Structures are given as structure tokens and as C-alpha cells.
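Okay, structure first, notes after.
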Amino acid sequence: MKTSKSLLSIILIVILVMSFTAMALAQDLDIIPIKVRCRAKPPMENWRGLNFLVAEKDLNADLEAMGDPRRVKVEVIQDNLDWGDYITEFVLGYGAGESPDIWLTGHEYIGTQAEAGRIIALDGIIEEFPIYNLVFDTLWDCTKYKGKIWGVPQDAEARPLYWNKTLLKKLGWSDGEIAALPGKIEKGEFTLYDMLETAKQAVDKGVVEPGNGFWTRPKNGPDFTPFYYAFGGETIDSATGKLVFDKTAGLKYYGFFYDAAQKYGSMGCLGLDWSSAWHPGVTSKVLFWVGGTWQWAEWAEKFLKDLGGEAYMWENFGFGLIPAAEKGGKPNSLTHPLAYLVSSQCKYPDLAVALIAKVTNYGPNTRHAITSTHLGILKGQTEYKFYKQSRLLSEALYMLDYTTFLPNNPYWGTYSTITYEALAACVSGDFTPEKAVDFVVEGLNRELGDKIIIK
Amino acid sequence: MSKNFQLERETSSLSSFPNSKSFFSKLKSWLLPYAFLSPTLVVVTLFFFIPLVMVFILSFTNLDMTNFGILKWWQPANWTLDNYVKIFTNRFFPRILNNTLMYVSMTLIFFNVGMALVIALITTNINRRVGFAFRLIWLMCRLTPVVVYIMMWKALAGPAPMGVLNKHILGPLGIGGGEFLLNTNPWVFVILANGFIGASFGMIIFSSAIEAIPKDYMIASKVDGASTWQTIRYITIPMIKWPLLFVTTYQTLSLLTSFEQILLLTNGGPGLYETEVWSLTAYHRAFSSYFGNTQWGYGSAWAVILVIIGIIMAIIYLRVFKFNELIQEPKIDQL
């Protein structure tokens, strides 16, 4: 009896000591919550945020190995909010002292947030993680503002001109002619107005309905800028960093969209709802349209799954660069890299950057690239076994050689709104191209004053 | 004699009652009404008056996404009239104003007051239970969450073969080419979607007002040989003048500031500013932009003008409907 009592006492003492030891150890660990905010279209783009949950364990293992008492606890918030609301949420959240630690956004917002002091420059921190050397230099350029790096590129894409092969065949094009089209565009032999002529023929012959010859995105956004570039336009002055509007290029740019809508049976797309009208439209009844590579996955997953998904799309859709404005000119595309930014309210930016380093690697980035059909961001990624399996990513890769970017400027939003309103007025017939240019010049001068250069 | 004595005693006790009150009970009786009013005063001050003053001040600043947290918007040195100049020189200003006037007047005349009155008149002149059931059904669109309600309208207006109207009515009749009706006739749907909800408010107010008219008037008019129209024109309408004023004023102000249905239905499109009304512009400028260049100061200026328009409209209504006469004590009570 006495022996069993002693045994019980010993067991209790051991449990007590172990509990206290565990508690002491637990108290030594410093749990750091890291909030990651991403915009992602489910399910294709879910890896933008989910990669951090995988990275959390990896980083904690590193911290444990080197005896660092800190442990990160990642909280991912991601949804498909509109960009405008998404930005507002961050700014107001920051004002309330509740911004996320890591914030994924388009590179063009860097200027605004850097000027307002809401994000931190990453120079001096990223150098400690050599993995960042794998990121393409051109993508780093997108995240630079006033000579400093403010974000880590997350993905890239091309914005091709797509076409419906079935409708081109109905118009009388042969398989060979259709297959040769990307090459003709690349050589500058098939121009923007050649495309409109083809669209008009399709309308005249009843292959497509009026308005459906050529479509762009239905609302304001980056897709219009490469057309402005195609006509020789520039958006930023490299010497001063100020925004630029070129009247001569602007006149041609607005002339193109005015002609498209008023003379070539195109542009019946502005104002359409994305999911109920635009996506169903381009995947069935539109001859040419501008979209993003990421939409390839969206169409396969959401809109054409019943017809065979990607297999159906390879059968029926083709794509190439956005044609040059003139014969022999250079075609282009636009890349709009997203980047992970670190909030200036983040208490442990070193841990945030370490986490981003974990997701900036072949495995995590390729997961995202394949499922969302975004282009890779790392040198040598095209040789990565899993990346090579995506046919679209391989075939669209050459477009990066022709890519253009949006400017990093705090006033890009205002610039874009005014220039888009003029474009929409040309499409609706409210403005002539000349009136559109006047409207833009007047609006930019009024809204931006000395922050804009009119050429 | 004993009756007189009793009356005298009661009168004397009443006249002496106030004198018996202590200072604290006087204070209490003076403060009591304010104590009852205080919750409302606090709520109105916090959630209406202070925001209104802030919006008014913001309208003179260029507070936006780029300078939020940096600009000291409360300092008069940062106040200018630039936003107001921008509004009145905006090339789309006439279109937005025109859209607003059309939207408010059409919805108000045909639905919020017109149809509401018609429904009220019909449902109060038929079997009481049937009338009640009809009004209850009509209320469903008000009870339905706005997002669900607008999704139903979008399903109605959808392109063939999904759209209900295209598939089941226009298609079989050979009307149109199955287009997305929100693109081809956006205003029809904007006004219908708002009007169906709006009519339910007036319907309830008018129905109860009509029910409250003493039956004697109706019976007397029938005895005198008045037609239904004459009864409505000379008895019902004059007797519900006060509810008519209230509904017209309230719904005008409500329509001027409402934009959520339009936002969800067309978002001001499909063309450039095609269905953009004033309050939606204020929202777009202050809270919504593709590249996030939300301009809170500029949006506030649009909102302030809307408040001024609302106040002017309210004053006009009160004059037209002779509000002062309406709130006067009935002459019978003045005798």
C-alpha cells in the first residue's frame, strides 16, 4: 500500500515537472501572427495565399533549427474583391492600424502606397535571401519606385489577342492561314486595322453579329494601354517620373476604337457583366478579343468545362500578340505583375520577407502558374519539370519578349479613368477622336495639373 | 349647493398644486422630455450631423487615396472650391443631372406615387381580405434582400436562351434578337426594379389613409349620385393630401439618394454614364474605381450638392402642398 502511494506520488511529481517544463518552453516561444491578404479567383488562383500556409511550417522549421524563439502563425485572407474595393480596404485598414502584414497587389499601386508610407522598401532585407536572385530582372523593375524595391513579384502574364478558329473557318480561312496568323502578327504583317477588316467581313457575311467582330475587356483596366503603346503612345517620362499623354498617339488610339465601333462592327462589349455576358460572349460568338493568359484557365474551368475544357479550347481558339498599328511595326503585349508588398505596420518585416522567399520558389510558384495559367517569374522556370507540362505557358512565353508595363505612378488611377472615359465615349459615338483627345487633355490638366506632361 | 362646494374645492386644490412642487421635481419635469429625447439626439448627432459636417468639410479638400493619412483635411488652409469647379465643368455633368431628374420623376410619378395610389384605391375597394393579400404579395419585393431582388431582375432580362423574358415571352412572339435586355433597354429595368419596391411604401401609407376616411362621406357621395371617379377626385384625394405630401416628399428624397439597385443592376452603364445618377456618381468617385483612385473629397462634393438639391426639393413640396395649412389645428377644434 505504501509502495503504491509512493509510486503515485512520483508519477504526479513527474507529470507536474513535465507540465511546468512544457509551459516554460511554450512561454519561451514567441508566436508571431502574420496576416496575408491576397486577391485570388477561386479555385484557379488559390495558391497565391495557400502557398503561405505551406511556407509557414517550412519557416518555423528553419527558425527552430537556428534556435530563434519566434514562430510564425499565418492567417490568409483571400477573395475575389474588385481591385478598387481591394485597394480601399487596405488604405482604410491601414488608417485604422489593422493593415495585413503581407499584401498582394498590382505593381502599379506601389507608387501610391510608397508615397503614403504604407509599405516599406525591401532593399537591405531581400539581399539576405538569395532565392530572390532567381526572379527576372524586368519584373524587379516593375516593383521599383524612386530607385528602391517595394515589392516581390508574384506572377506575370501576357495579354494576347485571341481568335475563334471556328468562326475564321466559316469566314473562309484555311487551317494553314489560321495557324500562320501568330507568326504574321509577330512579323508585323497583320496589323490592328487588318484585324478590324477581318472583323468587318465576318459581320458583313453574318458570321458574327454586329458588335462582335472584336472585343476588349468590358470595363476600365490595363488591357487598353498596349493599344495606346501600339500607336506610339508613352505613359511615363523616365527623366521626371511624371505621367505623359501623347496627343498624336492618342488621336490614332481613339481613332482606332472609334472606327472599330462605328465602322467595323466591333466593340459591342463595353459595360457587359463579366460572368453573365462577357465570358460567355468571347467563348462562343466573338471573332477577335483581348484577354489575359489567366483567363485561359478560367474559361476551361468555369465556362467551357462541359464542352471539353482546355482540349476544346485548343481546338477552337488561337492566340497571338496584339498586332502592330502599321505594317512592319512591332506587336506588343502587356504584363501586369502582381507583387507581395510588406506593410509599414508589420512588426516583423524580416519574417514577412522570409515567408515571401519561401513562396518565391519553383515549386510554389509553378503550382500557381499552372493552375491559374500565369507566366512564371523565375529564371529557369521553363525548364522545371512541372512547369513544362503546361502547353499554354510554354506557347505564350515568347510574348514576354514583346511585353510592356503600366507605369508605377500614384496618379495612374486618375489618368486611366479619364483616358478610359474618352475611349468609352468614342465607342458609344458620343465623342469623335478629336473630341476625345480634347477631353483627355482638359481632364488630365484639371485633375493632375503639373503632375502630367502633355506632348 | 354641495356640488358647487365640491367644484370649488377641486379648483382650489388644482390651483395650489404647482406651488407644492419642490425645486427638484420642477427640474425633473423640465428635464424629463429631454431625457426621453436624448437617445435620438445622440444617435442623430453621431450618425447624421457629425458625418454631414465632415462630408461638407471634406468636399472642400482633395482627400483621396494618395494623401489619406497625410492631408490635414480639417485645416482651412487645405480647403478650396476646386471640387465644385470640377463638377460643374465636368463634361458629363449635364448627362448625370438629366439622368437623375428622369430617374426620380419617372419612378416617382409612375410608381412610388402613381402606382401606389392606384393599388391602394383598388385594394381598399375590393374584398378586404383579397386586398390585404394582394398588398402583402406586393410587399415581397421590399422584403427581399436587394442583391437577391436584383439577381431576379437580371435573370428576367438575361439574353436568350437563359433570360426569362427572352425565352418565354419575347422569343415566342418574335420580338427582338434575344439580346441582354439590360443592354438594350437599361432605363426600363432601372425604373421598374426601383418602382416595384417604391410603390409598396406608398401603397401601405395610402391604404391606411383611405381606410381611415369616415365611411359617411363615401355613403353621402353615393347617395348624391357621385361616380367612382368623382368620389376619388373630390373626397378620397383631398382627404389623403397629407399622406400624399409625405410620400411624395419622402420618396423624392429617397430616390435622389438611392443608388444600390442601379449599382447592382447596371452600375451606371451599359454605355458611358447611360444610367449613372447623381448619388451613384458620388459613390463611384468616393468609393469605387478600377485602379483604386478613390477621391473622397471630390465624391463628398457630389454628395453635398445632392443634399442641397434635396433640401430645395423638400421646401418646394412643402410650399406646393401648403404644409402650414395642413398642420393647422382643425377649425372645429379652434372654436
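Every number here is computed from the coordinates shown, using simple stated rules; none is lab data. Since the model is a prediction, treat every value here as computed from it, not as a measurement. A quick note on method: Cβ atoms are made from the backbone with ideal geometry, for glycine too, and the neighbour counts reach across all protein chains shown.
What are the GluC sites (Glu not before Pro) within region A:305-392 that DSSP puts in a loop, where the Cβ has at most 16 other Cβ atoms within 10 Å? Please list the in-between numbers first.
Details: sites: A:Glu310, A:Glu315, A:Glu326, A:Glu383; in loops: A:Glu326.
The qualifying sites are A:Glu326.
For the protein assembly as shown, what percent of Cα pairs sit more than 38 Å apart?
54 percent
What size of dipole, in debye to the nearest 20, comes out for region B:111-222 about its Cα centre when the only charges are +1 on Lys and Arg C-beta atoms and -1 on Asp and Glu C-beta atoms?
The dipole of region B:111-222 has a size of about 280 debye.
Under 16 Å from a point placed 7 Å out from the Cα of B:Glu260 along the Cα-to-Cβ direction: which residues of region B:121-151 have their backbone N that close?
Within reach of a label on B:Glu260, which here means backbone N under 16 Å from a point 7 Å along Cα→Cβ, region B:121-151 contributes B:140-151.
Please list, in order along region A:325-339, the HN-Hα scalar couplings obtained from phi with the Karplus expression 6.51 cos²θ - 1.76 cosθ + 1.60 (θ = phi - 60°), rounded to whole Hz, x for Gly and Pro.
Running phi through 6.51 cos²θ - 1.76 cosθ + 1.60 with θ = phi - 60° gives 6, 10, 4, x, x, 9, x, 8, 8, 9, 10, 10, x, 8, 9 Hz.
Measure out, as a whole number of angstrom, how far apart the alpha-carbon centroids of region A:287-349 and region B:165-181 sit.
If we compute the Cα centre of each part, the gap is 34 Å.
Taking the number of other C-beta atoms within 10 Å as the exposure measure, put B:Ser59, B:Ser208 in order starting with the fewest.
Values: B:Ser59 24, B:Ser208 13.
Ranked by crowding around the Cβ, least crowded first: B:Ser208, B:Ser59.
Given Cβ point charges of +1 (Lys, Arg) and -1 (Asp, Glu) and nothing else, what value in debye, to the nearest 20, does the dipole of chain A about its Cα centre take?
700 debye
Of A:Ala339, B:Ile126, B:Val148, which is farthest along the charge dipole of the protein assembly as shown in the positive direction, counting Lys and Arg as +1 and Asp and Glu as -1 at C-beta?
The residue sitting most towards the positive pole is B:Ile126.
Which whole-Hz couplings ³J(HN,Hα) result when phi for each residue of region A:103-114 is put into the Karplus expression 6.51 cos²θ - 1.76 cosθ + 1.60, θ = phi - 60°, listed in order with x for Gly and Pro?
10, 8, 7, x, 5, 5, 8, 4, x, 4, 6, 5
Just from its helices, what would the mean residue ellipticity at 222 nm be for the protein assembly as shown, if runs of 4 or more DSSP H residues each count -39500 (n - 2.57) and the sum is divided by every residue, rounded to the nearest 500 deg cm²/dmol? Mind dumping the intermediate values first?
Working: 37 runs with 417 residues, N = 790.
Helices in the protein assembly as shown give a 222 nm mean residue ellipticity of -16000 deg cm²/dmol.
Cα-based Rg (one decimal) and Dmax (whole number) for region B:249-329, in Å?
16.1, 58
Kindly provide the Kirkwood hydrodynamic radius of region B:185-262 in Å, to one decimal, from all pairs of distinct alpha carbon atoms. Could the numbers behind the result be given before it?
Values: mean 1/r = 0.0691 Å⁻¹.
Its Kirkwood hydrodynamic radius stands at 14.5 Å.
With point charges of +1 on the Cβ of Lys and Arg and -1 on the Cβ of Asp and Glu, referenced to the Cα centre of chain B, which listed residue (B:Ser254, B:Asn324, B:Ile311) lies farthest in the positive direction of the dipole?
Sorting the options by dipole projection puts first B:Asn324.
Can you compute the charge dipole magnitude of the protein assembly as shown about its Cα centre, using +1 on each Lys and Arg Cβ and -1 on each Asp and Glu Cβ, nothing else charged? Give it in debye, rounded to the nearest 20.
Dipole size: approximately 2360 debye.
Please report, to one decimal in angstroms, the Kirkwood hydrodynamic radius of chain A built from all distinct Cα-Cα pairs.
Radius from the Kirkwood sum: 24.1 Å.
Given A:Lys187/A:Lys263; A:Lys242/A:Lys358; A:Lys165/A:Lys388; A:Lys187/A:Lys285, which pairs have Cα atoms separated by over 32 Å?
The answer is A:Lys242/A:Lys358.
In straight Cα distance, which lysines are under 24 Å from B:Lys215, not counting same-chain residues fewer than 8 positions off?
Leaving aside lysines fewer than 8 places away in the same chain, those within reach of B:Lys215 are B:Lys241, B:Lys331.
Considering the dipole of chain A built from charges on the beta carbon (Lys and Arg +1, Asp and Glu -1) around the Cα centre, which of A:Ile452, A:Ser9, A:Val203 is farthest to its positive end?
So the residue furthest toward the plus end is A:Ser9.
Can you tell me the FRET efficiency between B:Leu27 and B:Trp79 if r is taken as the Cβ-Cβ distance and R0 is 30 Å, rounded to the nearest 0.05?
Numbers: r = 43 Å, r/R0 = 1.44.
Approximately 0.10, to the nearest 0.05.
Explain nothing, just compute: Karplus ³J(HN,Hα) = 6.51 cos²θ - 1.76 cosθ + 1.60, θ = phi - 60°, for every residue of region A:441-447 in order, whole Hz, x for Gly and Pro.
4, 4, x, 5, 5, 5, 7
Only counting other Cβ atoms within 10 Å, I'd like B:Met313, B:Met54 sorted with the fewest neighbours first.
Lowest to highest Cβ neighbour count: B:Met54, B:Met313.
Can you tell me which aspartates and glutamates have their Cα less than 17 Å from the Cα of A:Lys435? Leave out same-chain residues fewer than eight positions away.
Answer for A:Lys435, where 17 Å is the Cα cut-off: A:Asp246, A:Asp259, A:Glu421, listed by chain and number.
In whole angstrom, note down how far apart the Cα centers of region A:358-421 and region A:69-90 are.
So the two Cα centres are separated by 21 Å.
Counting only C-alpha contacts under 8 Å and six or more residues apart, can you give the relative contact order of chain B as a whole percent?
On the way: 331 pairs, mean separation 80.7, N = 335.
Relative contact order of chain B: 24 percent.
Output the direction-averaged projected area (hull surface divided by four) of the convex hull of the alpha-carbon atoms of chain B, in nm².
Approximately 29.7 nm², given one-decimal rounding.
Suppose we look only past 17 Å in the calculated P(r) of region A:35-152. What percent of the Cα-Cα pairs does that tail hold?
64 percent
Based on alpha-carbon positions alone, could you give the equivalent ellipsoid semi-axes of region A:240-372 from the gyration tensor, as √(5λ), descending, whole Å?
34, 26, 15
Return the subset of A:Lys184/A:Lys330; A:Lys252/A:Lys330; A:Lys169/A:Lys200; A:Lys146/A:Lys347 for which the Cα-Cα distance in this structure is over 19 Å, preserving the input order.
A:Lys146/A:Lys347
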